[in-house]
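To start, the structure itself, in structure tokens.
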Amino acid sequence: MRSGMLAVGLAFAVGCGSSSSSGDGRQCTMIGSRVGVGLEIAAQYAERTAAAHMRACAGDVCREGNLQLSPSSSAVPLPCTGEVCGAQATPTGAKNGFLGVPELTGAPLRVSLTLSDAAGAEVLVREIEVTPAQTYPNGPDCGPGGFQASLAVGADGVLAAR
């Protein structure tokens, strides 16, 4: 009985941790990628922005919501010690957010974006059309992970695809 339970537990653990191969011997994990529209707001607008609202429409199907804005950072290399190197995340002053759009495909997407200040006044209102791209979180040999579009508000207030 005990060895049977051990075998079931081992089979379960192996099944949960399994990954497939890309065909060239490289392991493909079961990692996925978020499906939707990402946004990066340049520091010049981020400092005045307390809230962001996005509406994304493909044909007659729309998804909209308030984005949870987070501070952006970039990696700054640290000095190497022998063969060990590192990096440190440093705030950039920019902010980023994401609108989940589970039904997103590669069809063109009309996106409306409104940035507001802490008092609720509109800081920026822009629209853009963008075509989402397929993501490959494990590389192109391991299969797709979902569609994403990536947008950026530049220091000049222009909304552009990234």
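The values are calculated or read from the model by the stated rules, or taken from the named source; none is laboratory data. Nothing here was measured: the structure is a model prediction, and the numbers come from that model. When we count neighbours, we look across all protein chains shown, and the Cβ atoms used for this are built from the backbone with ideal geometry, even at glycine. What goes into the accessible areas is simple: the full protein's heavy atoms, side chains included, and nothing from ligands, DNA or RNA. Shrake-Rupley method; radii C 1.70, N 1.55, O 1.52, S 1.80 Å.
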What's the number of the only condition in (1) loosely packed, with under 11 Cβ neighbours inside 10 Å; (2) assigned to a loop (DSSP other than H, G, I, E, B) that Cys85 fails to meet? (2)
Those residues that are touching a Gly at 6+ places or on another chain (Cβ under 9 Å) and either part of a loop (DSSP other than H, G, I, E, B) or closer than 18 Å to Arg110 by Cβ (or both), I need them from region 42-54; list them, please. Ala42, Glu47, Ala50, Ala52, His53, Met54
Can you give me the number of residues within region 131-157 that are surrounded by 16 or more Cβ atoms within 10 Å (Cβ to Cβ) and without any contact (Cβ under 8 Å) to a residue 12 or more places away in the chain? 0
Residue that is nearest to the chain's Cα centre (by Cα) [pool: residues in region 113-130 that are within 18 Å of Val61 (Cβ to Cβ) and open to solvent by 40 Å² or more (accessible area, probe 1.4 Å)]: Glu129
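Give me a count of the residues in region 55-75 that are part of a strand (DSSP E or B), closer than 10 Å to Phe98 by Cα and under 15 Å from the mean Cα position of the chain (by Cα). Show your work before the answer.
Looking only at region 55-75, we keep the residues that are part of a strand (DSSP E or B), and these are 55-58, 61-67, 70-75.
Narrowing the set further to residues that are closer than 10 Å to Phe98 by Cα leaves 65-67, 70.
Applying the additional criterion that residues be under 15 Å from the mean Cα position of the chain (by Cα) yields 67, 70.
Number satisfying all stated conditions: 2.
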